[in-house]
Each structure stands twice: as structure tokens, then as C-alpha cells.
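Participant: Provided herewith is a single structure, encoded as C-alpha cells, for subsequent inquiry.
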Amino acid sequence: MGAVVTEREPAEKKMTTDDRDQFSSMVRELSIALGKDGVVFAQALDALLAADKYQYPYLWSWMGVPIIQLPPDIIATQEVIFAAKPDIIIETGVARGGSVIFMASMLELTGKGKVIGVDIDIRLHNRETIQNHQMAKRISLIEGPSADAATLARVRAEIPANASVMVVLDSDHSRDHVLAELRAYGPLVTHGQYLVVADTLMGHIDEQRAPKSRSKMWFKGNEPLSALNIFLGETDRFAIDPVINGKLIFSSSPGGYLRCVVP
Ligand SMILES: C[S@@+](CC[C@H](N)C(=O)[O-])C[C@H]1O[C@@H](n2cnc3c(N)ncnc32)[C@H](O)[C@@H]1O
């Protein structure tokens, strides 16, 4: 004889209040407050520098492809893509392809759009990984120095008229190169979309503490945050989003998420 299944009475529905707005306000307020907490930021930086002996940012992947990002930055980028729903995302710095695959997968979920990945050196095996991936249909690759006029012309040619455009800068992290990219790609970002400057954390690390395990070393003074500060003195089109940046601890890009606030 089979087991006797007794149907349970449905649990009595509790009367609950709709706290969704309250919850969003709490997240906003705590994120902004966290952004002002220098002690927690310093502790998180210590932890990241300790983990760097295991090359922590290199340990992750997205849909099977290595992504050189810290998990909070991936989540933050997901938040801004979902909020602003760009038609086009331009990323400088493709490396092994994980970040272009990640952003293409977000566009796939929103049901539209394309990622334009720009890199000075797209190695054959990395190109193969990207072009054979299920997200390939939402990715265009352009090989060339990102700040050169010829590369920029090829990028512009891929952007349809009236498209909303987001930009992520994650290539050569020297101050002068990031500044050149900001001046070249900043004007492409459309109203309400985001400009993400990766690796601003380097602006918080002096030479003695800078990770030594990279092919190039960047530290305070010659890094993306210095470039960003110069750029923000030249334009009023962008505002640093206090909510998204406030919660960016254990992140490579605190202060690097800017919203285009002027058409
Ligand atoms: C930090 S990796 C990019 C990581 C990638 N966005 C990810 O999340 O997986 C930096 C990349 O920038 C590229 N790069 C360096 N200098 C460049 C330049 N002048 N123009 C374009 N790409 C450049 C390198 O070839 C390298 O692939």
C-alpha cells in the first residue's frame, strides 16, 4: 500500500505590510552611510591586499569564461545595466572575454543590445572563446589601441543612431591613458547611462602597498582615479552615484560608477 498523503491546511496568511519602499530606502541610506565609513573601507582594502597574494581578482569566471573582476563589481555592473538598460555597452579591455560575455548576458536578459569590446591585443584563443560562446551574437570585437582616433572611428561606426550608450573603461590603467579614454569615450555616454572607470581602487594604494604580482604596477598618482578626478574638473555631464559607489567595498572600482546627468 502506498504512503497516505494528507493535505495540509494552507498556512494562515499573515497580514503583512508592504515594506518594499521602506526596504529600498534602507538600502539607499545604508549604502550612502557605508560610503562615508573610512574605517570599514580601510579594513576591506587590507583584506583585498592580503588576498592579492592569491591573485584574487583573477579567480572568477562568468558563463565559463575568466572575468578579471571582483564579485561586488560584477553585481554593481549588473545593477546599473538593469536600471539603465543601455542599447550599446562599449568596454575597453577585453582580456579573456569574461566581462564582455557577462555584459552581453545581461543585455540578453533585457532582450536587446550589443557589447562592443575593444582591446589592443585580442589573442586568437580568446577571440575563439568569445566568438564560439552562446552570447557571441551580442558582441562585436574591435582590435586596436582604445584611445586612437582610428579605433574610436570603428567604435562609432558600430553605434546605431539614437542608441543609448554605456561605457566601461578597463584597459591600460595609467593616468594619461585613462584620461585619454575618458575624453574620447565620455562624450559617447548618453543621458541616464553609466560611465564605469575600473580599478579606481589603485588611487587608494601607495607604492609600498601596491600588488607586485602584475606585469605592470599602478599606484596612487598614476592610475584611473587620478585621471577621473582631472576629467570631472573638465565636465559637468557626470555625477558619482553615491548609492552604488557607497557600497563598493571589496571592490576594484569604488567611486568609478558615474551617471550621465546632462543630455
Ligand atoms: C584588466 S584587463 C581587462 C579585463 C576584462 N575587462 C575583464 O573584466 O575580464 C586589461 C586589458 O586591456 C588591454 N589593453 C591594454 N592597453 C590597451 C590599450 N591601449 N588599448 C586597448 N586595450 C588595451 C590588455 O590587452 C588587456 O586585455
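Values in this text are rule-based calculations from the coordinates and carry no lab data. Bear in mind that the values here come from a model prediction, so they are computed numbers and not experimental data. Here the Cβ positions follow ideal geometry from the backbone for every residue, glycine too, while neighbour counts run over all protein chains shown.
Participant: Of all the residues that make up region 95-114, how many are more than 16 Å from the ligand (Cβ to nearest atom) and basic (Lys, Arg)?
Facilitator: Total meeting the criteria: 2.
Participant: Give the number of residues within region 136-166 that are assigned to a strand (DSSP E or B) and either of a type in the set (A, V, I, L, M) or farther than 24 Å from SER105 by Cα (or both). Spell out the reasoning first.
Facilitator: Step one: filter region 136-166 for residues assigned to a strand (DSSP E or B), giving 139-143, 165-166.
Okay, now just the ones that are also either of a type in the set (A, V, I, L, M) or farther than 24 Å from SER105 by Cα (or both), so 139, 141-142, 165-166.
Total meeting the criteria: 5.
Participant: Would you point out the residue of region 86-101, among those that are of a type in the set (A, V, I, L, M) and not in a strand (DSSP E or B), that is surrounded by the most Cβ atoms within 10 Å (Cβ to Cβ)?
Facilitator: Looking only at region 86-101, we keep the residues that are of a type in the set (A, V, I, L, M), and these are 88-90, 94-95, 100-101.
Filter again for not in a strand (DSSP E or B), leaving 94-95, 100-101.
Numbers: VAL94: 27, ALA95: 20, VAL100: 31, ILE101: 27.
The extreme case among them is VAL100.
Participant: Restricting to region 152-173, name every residue that is crowded, with 19+ Cβ neighbours inside 10 Å and within 15 Å of the ligand (Cβ to nearest atom).
Facilitator: Within region 152-173, LEU152, VAL155, MET166, VAL167, VAL168, LEU169, ASP170, SER171, ASP172, HIS173 qualify.
Participant: If you go through region 78-94, how many residues are within 11 Å of the ligand (Cβ to nearest atom) and in contact with a helix residue (DSSP H, G or I) (Cβ under 7 Å, 6 or more places away or on another chain)?
Facilitator: 3
Participant: Given the condition touching a strand residue (DSSP E or B) at 6+ places or on another chain (Cβ under 9 Å), outside any helix (DSSP H, G or I) and either surrounded by fewer than 17 Cβ atoms within 10 Å (Cβ to Cβ) or of a type in the set (S, T, N, Q) (or both), answer yes or no: does some residue in region 174-190 qualify?
Facilitator: Looking for residues that are touching a strand residue (DSSP E or B) at 6+ places or on another chain (Cβ under 9 Å), outside any helix (DSSP H, G or I) and either surrounded by fewer than 17 Cβ atoms within 10 Å (Cβ to Cβ) or of a type in the set (S, T, N, Q) (or both), one finds at least one in region 174-190, hence yes.
Participant: Can I ask one more? Quick check, is GLY144 more than 18 Å from the chain's Cα centre (by Cα) and within 9 Å of the ligand (Cβ to nearest atom)? Outline the logic, then answer.
Facilitator: Details: more than 18 Å from the chain's Cα centre (by Cα): yes; within 9 Å of the ligand (Cβ to nearest atom): yes.
So GLY144 fits the description; yes.
Participant: Taking region 74-85, which residues are of a type in the set (Gly, Ala, Ser) and surrounded by 15 or more Cβ atoms within 10 Å (Cβ to Cβ)?
Facilitator: Narrowing region 74-85 to residues of a type in the set (Gly, Ala, Ser): 76, 83-84.
If the condition is that a residue be of a type in the set (Gly, Ala, Ser) and surrounded by 15 or more Cβ atoms within 10 Å (Cβ to Cβ), then ALA76, ALA84 are the ones that fit.
Participant: Right, something else. Somewhere in region 128-136, is a residue touching a helix residue (DSSP H, G or I) at 6+ places or on another chain (Cβ under 7 Å), under 29 Å from VAL243 (Cα atoms), hydrophobic (A, V, I, L, M, F, W, C) and more than 9 Å from the ligand (Cβ to nearest atom)? Walk me through it before giving the result.
Facilitator: Pass one, region 128-136, residues touching a helix residue (DSSP H, G or I) at 6+ places or on another chain (Cβ under 7 Å): 130, 133, 135-136.
Subset that is under 29 Å from VAL243 (Cα atoms): none.
No, there is no match, as no residue in region 128-136 is touching a helix residue (DSSP H, G or I) at 6+ places or on another chain (Cβ under 7 Å), under 29 Å from VAL243 (Cα atoms), hydrophobic (A, V, I, L, M, F, W, C) and more than 9 Å from the ligand (Cβ to nearest atom).
Participant: Taking only region 107-125 into account, find how many residues are surrounded by fewer than 21 Cβ atoms within 10 Å (Cβ to Cβ) and part of a helix (DSSP H, G or I).
Facilitator: Going through region 107-125 one residue at a time, the tally reaches 5.
Participant: Let me ask something else. Kindly check whether there is at least one residue in region 198-218 that is under 14 Å from GLU91 (Cα atoms) and either crowded, with 19+ Cβ neighbours inside 10 Å or within 12 Å of the ligand (Cβ to nearest atom) (or both).
Facilitator: Applying the first criterion (under 14 Å from GLU91 (Cα atoms)) to region 198-218 yields 198-199.
Going one step further and asking which of them are either crowded, with 19+ Cβ neighbours inside 10 Å or within 12 Å of the ligand (Cβ to nearest atom) (or both), we end up with 198-199.
So far as region 198-218 goes, yes, one or more of its residues are under 14 Å from GLU91 (Cα atoms) and either crowded, with 19+ Cβ neighbours inside 10 Å or within 12 Å of the ligand (Cβ to nearest atom) (or both).
Participant: Among what's in region 47-73 and is surrounded by fewer than 17 Cβ atoms within 10 Å (Cβ to Cβ) and under 21 Å from ILE244 (Cα atoms), pick the residue that is nearest to the ligand (Cβ to nearest atom).
Facilitator: Per the criteria, the residue is PRO71.
Participant: Let me ask something additional. Report whether or not ILE139 is without any contact (Cβ under 8 Å) to a residue 40 or more places away in the chain, away from the ligand (no atom under 12 Å from the Cβ) and within 17 Å of the chain's Cα centre (by Cα). Before you say what the answer is, go through the steps one by one.
Facilitator: Working: without any contact (Cβ under 8 Å) to a residue 40 or more places away in the chain: yes; away from the ligand (no atom under 12 Å from the Cβ): yes; within 17 Å of the chain's Cα centre (by Cα): yes.
Judged against the criteria, ILE139 is a match.
Participant: Condition test on PRO254, is it outside any helix (DSSP H, G or I), closer than 23 Å to ASP52 by Cα and not hydrophobic (A, V, I, L, M, F, W, C)? Let's see the steps before the verdict.
Facilitator: Working: outside any helix (DSSP H, G or I): yes; closer than 23 Å to ASP52 by Cα: yes; not hydrophobic (A, V, I, L, M, F, W, C): yes.
Yes.
Participant: Still on this structure: Any residue in region 77-94 that is farther than 23 Å from GLY246 by Cβ and free of Cβ contacts under 8 Å to residues at least 60 places away in the same chain sitting within a Cβ distance under 8 Å of a residue that is hydrophobic (A, V, I, L, M, F, W, C) and within 14 Å of the ligand (Cβ to nearest atom)? List the pairs, counting only those 6 or more apart or interchain.
Facilitator: Sorted first by the residue in region 77-94, then by its partner, the pairs are VAL94/VAL100; VAL94/VAL118; VAL94/ILE122; VAL94/ILE130; VAL94/LEU141.
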